[in-house]
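The values are calculated or read from the model by the stated rules, or taken from the named source; none is laboratory data. Bear in mind the structure is a predicted one, so any value in this text is a computation, not a measurement. Cβ placement follows ideal geometry from the backbone for every residue including glycine, while neighbour counts extend to all protein chains displayed. Ligands, DNA and RNA are stripped out before the accessible areas are found, and what is left, the full protein with its side chains, is counted by its heavy atoms. Shrake-Rupley method; radii C 1.70, N 1.55, O 1.52, S 1.80 Å.
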Amino acid sequence: MSAIIDVRHVNKAFGGLQVINDCSIQVEQGSITGLIGPNGAGKSTLFNIIAGALPLDSGQIVFDGEDITNQPANTLFHKGLLRTFQIAHEFSNMTALENLMMVPPRQAGENLFSTWFKPGLVRLEEAEVRRRALEVIDFVGLHHVRNELAGNLSGGQKKLLELGRTMMTDAKVVLLDEIAAGVNRTLLGDLVGNIERLNREMGYTFLVIEHDMDMIARLCDPVIVLAQGSVMVQGTIEEIQNNPEVIEAYFGSPAA
Ligand SMILES: Nc1ncnc2c1ncn2[C@@H]1O[C@H](COP(=O)(O)OP(=O)(O)O)[C@@H](O)[C@H]1O
Ligand SMILES: [Mg+2]
């Protein structure tokens, strides 16, 4: 196995607060790697740095063998490194299916040049995008609500739609930041099943921040524990759960 994401000695401060502190992690190709840690540990900040949404102060991020340090999010998106986004306000008045069809890559219809010179091609590609969107909506189990406005979907259905949007591109690595929050158990089961299938059948690598430890236990190997902006320990979920340092960080006192 080799690391598809290699975070090397990254530092990031906000004002005087050192939030990411000489942090190094590796995400193996084909893994579903968990990232856990107490509130304020720097998990979301690290995600934002990896995804190109936040510049780092020092250090390096390597993706698939390429130095991507401080490359912007949309460049990384086209390279197959992406994180899910909440359905933006302006998309809530479009249907679930239309939301999938709006995902940017290779939409020739939005390219003025090809619209003028290759109208036939554009129609073909729009049909292709629609076909793909229908496949994706089946895959994530939202066929029955495909024509509902995205804004009217339940919290869990929105999460499934967000995951579906990553499938409209050719993603290699998907970063998931607390997608289980507020999702009911049934839809959470669907979400977990879909993540497993994307991993197994489509070769997606996932890096998952999650508070729900059942979800981490079911999905993730290895699990990385972040505390005060650096890696405290990494291992299987069993190793993590039995580690006295981790227990102390979460519960404030060593295990009895
Ligand atoms: N844009 C920001 N400006 C200032 N401080 C921030 C900013 N983003 C996060 N922080 C601070 O950085 C620390 C880590 O936050 P965060 O990465 O969100 O932690 P986690 O996701 O692990 O809960 C917190 O103390 C938080 O208040
Ligand atoms: Mg967070």
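Restricting attention to the range 219-233, the residues that are open to solvent by less than 10 Å² (accessible area, probe 1.4 Å) and on the phi < 0 side of the Ramachandran plot add up to 5. Reported count of residues in the range 206-228, each being within 16 Å of ligand 2 (Cβ to nearest atom) and among the charged types (D, E, K, R), is 2.
Every residue, every condition in (1) within 16 Å of ligand 1 (Cβ to nearest atom); (2) hydrophobic (A, V, I, L, M, F, W, C); (3) touching an Asp or Glu at 6+ places or on another chain (Cβ under 6 Å); (4) closer than 18 Å to His78 by Cα, yes or no:
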{"residue": "Met167", "(1), (2), (3), (4)": "no, yes, no, yes"}
{"residue": "Val174", "(1), (2), (3), (4)": "no, yes, no, yes"}
{"residue": "Asp177", "(1), (2), (3), (4)": "yes, no, no, no"}
{"residue": "Gly182", "(1), (2), (3), (4)": "no, no, no, no"}
{"residue": "Leu187", "(1), (2), (3), (4)": "no, yes, no, no"}
{"residue": "Asp190", "(1), (2), (3), (4)": "no, no, no, no"}
{"residue": "Glu196", "(1), (2), (3), (4)": "no, no, no, no"}
{"residue": "Arg200", "(1), (2), (3), (4)": "no, no, no, no"}
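Residue-level check: of (1) of a type in the set (A, V, I, L, M, F, W, C); (2) buried (at least 19 other Cβ atoms within 10 Å of the Cβ); (3) farther than 17 Å from Met102 by Cβ; (4) modelled with pLDDT under 90, Ala171 misses just (3).
Can you tell me which residue is modelled with the lowest pLDDT among those in the range 175-191 that are within 16 Å of the chain's Cα centre (by Cα) and within 16 Å of ligand 2 (Cβ to nearest atom)?
Ala181
Which of the residues that make up the range 66-83 are in a strand (DSSP E or B) and buried (at least 16 other Cβ atoms within 10 Å of the Cβ)? Within the range 66-83, Leu81, Leu82, Arg83 meet the criteria. Part of a strand (DSSP E or B), polar (S, T, N, Q), within 12 Å of ligand 1 (Cβ to nearest atom) and touching a residue at least 24 places away in the same chain (Cβ under 8 Å): does that describe Gln18? Yes. Counting residues in the range 52-60 that are of a type in the set (D, E, K, R), more than 23 Å from Asp212 (Cβ to Cβ) and within 16 Å of ligand 2 (Cβ to nearest atom) gives zero.
Do the conditions hold for Gly164, that is, is it touching a residue at least 60 places away in the same chain (Cβ under 8 Å) and farther than 12 Å from Gly37 by Cα? The answer is yes for Gly164. Scanning the range 23-65 for residues that are more than 23 Å from Thr236 (Cβ to Cβ), away from ligand 1 (no atom under 14 Å from the Cβ) and open to solvent by 10 Å² or more (accessible area, probe 1.4 Å) returns Gly52, Ser58, Gly59, Gln60, Val62, Asp64, Gly65.
Scanning the range 174-189 for residues that are in contact (Cβ under 8 Å) with a residue 24 or more places away in the chain and open to solvent by 70 Å² or more (accessible area, probe 1.4 Å) yields a total of 3.
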